[in-house]
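**Student:** Here it is, the structure in full.
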Amino acid sequence: MTTQQTVQPHIIAIDDDPTFRQMLGDYLTDNELRVTTLANGRDIAPIMAREPVDLILLDLRLARGEDGIQIARELREESDVPIIMLTARKEEADRVMGLEVGADHYLTKPCSLRELLARIRAVLRRRRSAVREGARKGVRADLFDGWELSLNTRT
């Protein structure tokens, strides 16, 4: 008998509030997601260089003057990893700016963790579907500087 092992999607959650980070990490882990919680955006790059990341939850207001909009902009320049902005900023201008720089969703705090989980699952479903569709169209991998990156096989 063969058992199929499923890989839990890996999410990075960036928020400077330790209580919220802990609550979010626990909730998502309880719902079969692998979560890495970070207090700042500086620690994203080493994680993404080491292992696949399926989605990023990003607060816009971080400590030490870090700007979530700038972090999202830099992420989008380097990667197509989905981004959900989760922040207390409620102004329309902030929401529009967040979406314009590449966020896939924008939720304001406080928010329902069940709604957040539903949005995460929806984004992950679309991402998996896009990867499968790329495989059907013959998209194998990206080639650059002597390296080959395959999103389909995650190698």
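The values are calculated or read from the model by the stated rules, or taken from the named source; none is laboratory data. Keep in mind the model is a prediction, meaning the values are calculated, not measured. Glycine gets a Cβ as well: all are built from the backbone with ideal geometry, and neighbour counts include every protein chain shown.
**Student:** Starting from residues that are loosely packed, with under 14 Cβ neighbours inside 10 Å and at negative phi, keep the ones in region 48-73 and report whichever is nearest to the chain's Cα centre (by Cα).
**Tutor:** Pro52
**Student:** Name the residues in region 32-47 that are surrounded by 14 or more Cβ atoms within 10 Å (Cβ to Cβ) and either out of contact with any strand residue (DSSP E or B) (no Cβ under 9 Å at 6 or more places or on another chain) or polar (S, T, N, Q) (or both), would you?
**Tutor:** Thr36, Thr37, Asn40 - these are the residues of region 32-47 that are surrounded by 14 or more Cβ atoms within 10 Å (Cβ to Cβ) and either out of contact with any strand residue (DSSP E or B) (no Cβ under 9 Å at 6 or more places or on another chain) or polar (S, T, N, Q) (or both).
**Student:** Which residue pairs have Cβ atoms under 6 Å apart, sit 6 or more places apart or on different chains, and have a first residue in region 115-132 that is among the hydroxyl-bearing types (Ser, Thr, Tyr) and a second that is at pLDDT 90 or above and exposed (fewer than 14 other Cβ atoms within 10 Å of the Cβ)?
**Tutor:** none
**Student:** Now for a different question. Can you find, within region 74-94, the residue that is farthest from the chain's Cα centre (by Cα) among those that are modelled with pLDDT under 85 and among the basic types (Lys, Arg)?
**Tutor:** The qualifying residue farthest from the chain's Cα centre (by Cα) is Lys90.
**Student:** Restrict the check to region 32-42 and report whether at least one residue is part of a strand (DSSP E or B) and among the basic types (Lys, Arg).
**Tutor:** Yes, because at least one residue in region 32-42 is part of a strand (DSSP E or B) and among the basic types (Lys, Arg).
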